[in-house]
Amino acid sequence: MQLVIGNKNYSSWSMRPWVLLRQAGIAFEERKIRFDDMTPDSPFKRAVSALSPAAKVPVLIDGELAVWDSLAIAEYLAERFPEHRLWPEERSARARARSICAEMHSGFAALREHCPMNIELTLPEVGERVLREQPAVAADLARIVALWTELLQAHGGPLLFGRFTIADAYYAPVVMRLRSYALPLPAAAAAYVEAVAALQRAGVKLKGDLIIAGVVLVIGVAARTHRQSMPGSTRAPRRGDIPANVPSYRGLTGRRVWARGPTGPRGTGTWRRWWTRHRSAAPRDPRASFSLRRPRRRPGTRPAASCDRPCP
């Protein structure tokens, strides 16, 4: 089974079936197609048109069958995997869950327009301004709060129908919008927002942790490449290396940080040359117990020949 989606950070429709499959524990392959200009001849449209006549994501591929539209995908999964109980078991609750999913599917246009989804950002100032200037957004928010409050009281929480259902997957993007724009919520609705966000800790990654991990990895690789490409590098990189010509001193932590100069690794005359030329202007941290100082000369060594004056 394959789920074809766009970027979950921006596409709430892509996010809904992805959250549903992940939280239900249904095995699937994720295929992400990059958004572009959306013109008929764009790579995105060509790729999706080959899978679905609607040329939109998400699309669920199960063998030879292609199912598009997030609500149709949810219904198909509920029939395909009845053991996961994706809809509430009681008939009236099931009808209510379908009703609120359909309302989400076709409603809340003002919230969608003025609070576009971007779960990586936190924009409380924007949310405050939108709520103040857009009465339609305030009306959408009031309807969502009333809907959530009624269901949480009827079923006891922590989710809309007690346990996780398709309804929670459908409102997960709304939860992330409310968190991103810090829109005010009463206690019951705020508790539901936190309960849905806690799905991340249970295995549903709603906050882009893979993106964060990728950024950290790129930064680490870039730093390592910089250290290895420095002129005169004759050793493997070590933890704590810093760029060339950065002075070393004991700061607030009292930890000596050494600099590796442009002509070789530490242990050569690089630091001594820097100290000789710049000791009169060496910075001092007034909050530290030690000022900038050079290391001891190793026994048997002589000052570097390139010094413009003798080392003391």
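The values are calculated or read from the model by the stated rules, or taken from the named source; none is laboratory data. Note that the structure is a prediction, hence the values are computed from the model and not measured. Every residue, glycine among them, receives a Cβ derived from its backbone with ideal geometry; neighbour counts consider all protein chains shown.
Mind checking whether some residue in region 189-202 is buried (at least 21 other Cβ atoms within 10 Å of the Cβ), out of contact with any Pro (no Cβ under 7 Å at 6 or more places or on another chain), modelled with pLDDT under 95 and of a type in the set (A, V, I, L, M)? Within region 189-202, one or more residues are buried (at least 21 other Cβ atoms within 10 Å of the Cβ), out of contact with any Pro (no Cβ under 7 Å at 6 or more places or on another chain), modelled with pLDDT under 95 and of a type in the set (A, V, I, L, M).
The residues listed here are LEU178, LEU147, LEU121; of these, the one that is not in a helix (DSSP H, G or I) and not small (Gly, Ala, Ser) is LEU121. Selection of region 130-171 for residues being of a type in the set (A, V, I, L, M) and within 17 Å of ALA95 (Cα to Cα) yields LEU147, LEU151, LEU152, ALA154, LEU159, LEU160, ILE166, ALA167, ALA169. Taking region 1-54 as the range and being of a type outside the set (Gly, Ala, Ser), more than 24 Å from the chain's Cα centre (by Cα) and farther than 27 Å from ILE166 by Cα as the test, the residues that pass are MET38, THR39, PRO40, ASP41, PRO43, LYS45, ARG46.
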